[in-house]
Amino acid sequence: MARLQGRYRTEIVPRLMRDLGEKNPMALPRLDKITVSMGIGRANEEKKRLEDGLRDLAAITGQKPVVTRARVSIAGFRLREGMPVGCLVTLRGRRMYEFLDRLINLAIPRIRDFRGLSPGAFDGNGNYNMGLAEQAVFPEIDSGKMEFTQGMNIAITIRNGDKERSSVLLREFGMPFRKD
């Protein structure tokens, strides 16, 4: 069991039950999945960028990424339907908790000029989305060997949540939200 998962079961669930006034632990907000994606715009021109993105995303998440392909052709971007445009990983279970633990405790503190995550990035269902400007904030990536900096999007899907309840859950996990 991942460290953060054990902490969720032993410490966070009882605290959430008390704070949110729920008697049933299954009615509490909980993590469903984390989706990490990289949009690689020049993947059709330079195959090396796609290969590097796949390698870096696999190193960061510990799981093999899936190549995402264009759904429609756009002549202005020189893009044809079916061309590779990025990569994606969906994490669940133990790997999801391990990734969130590394994100909160290792990657986010390494972001330059970091002033906290935006508390307004929740959608209507309580899911949280954040973007990172470069993959080098993760310790698995050797910045000396890195040829391209590549941004990524991290979508945290939460069950049984709305904006407030999901915010309480992520604060309990230790997400450093900005105080407005």
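The values are calculated or read from the model by the stated rules, or taken from the named source; none is laboratory data. The structure presented is a predicted model; accordingly, all values stated were derived computationally and were not measured. Methodologically, a virtual Cβ is constructed for each residue, glycine included, from the backbone with ideal geometry; neighbour enumeration extends over all protein chains shown.
The table for this structure:
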quantity	calculated
Filtered residue count, the range 55-98, keeping only those that are more than 24 Å from Glu147 (Cβ to Cβ), surrounded by 14 or more Cβ atoms within 10 Å (Cβ to Cβ) and either among the hydroxyl-bearing types (Ser, Thr, Tyr) or touching a helix residue (DSSP H, G or I) at 6+ places or on another chain (Cβ under 6 Å) (or both)	3
Any hit, the range 76-96, residues being closer than 17 Å to Thr61 by Cβ, in a loop (DSSP other than H, G, I, E, B), modelled with pLDDT of 85 or more and not small (Gly, Ala, Ser)	yes
Matching entry among Lys163, Lys179, Lys145 (being more than 29 Å from Leu50 (Cα to Cα) and at pLDDT below 85)	Lys179
Of residues in the range 86-116 being among the charged types (D, E, K, R) and within 20 Å of Ser143 (Cβ to Cβ), the one farthest from the chain's Cα centre (by Cα)	Asp113
Residue pairs meeting the criteria (Cβ under 8 Å; at least 6 apart or on separate chains; first touching a residue at least 40 places away in the same chain (Cβ under 8 Å) and of a type in the set (D, E, K, R), in the range 150-166; second surrounded by fewer than 16 Cβ atoms within 10 Å (Cβ to Cβ) and assigned to a helix (DSSP H, G or I))	Arg165/Leu20
Pick from the range 108-146, criterion surrounded by 14 or more Cβ atoms within 10 Å (Cβ to Cβ) and in contact with a Pro (Cβ under 8 Å, 6 or more places away or on another chain), ranking: farthest from Asp162 (Cα to Cα)	Ile108
Leading residue by the ranking (farthest from Pro176 (Cα to Cα)) among those in the range 147-159 that are over 13 Å from the mean Cα position of the chain (by Cα) and either surrounded by 14 or more Cβ atoms within 10 Å (Cβ to Cβ) or among the polar types (S, T, N, Q) (or both)	Phe148
Test for Ile141: is it of a type outside the set (S, T, N, Q) and farther than 25 Å from Gly41 by Cβ	no
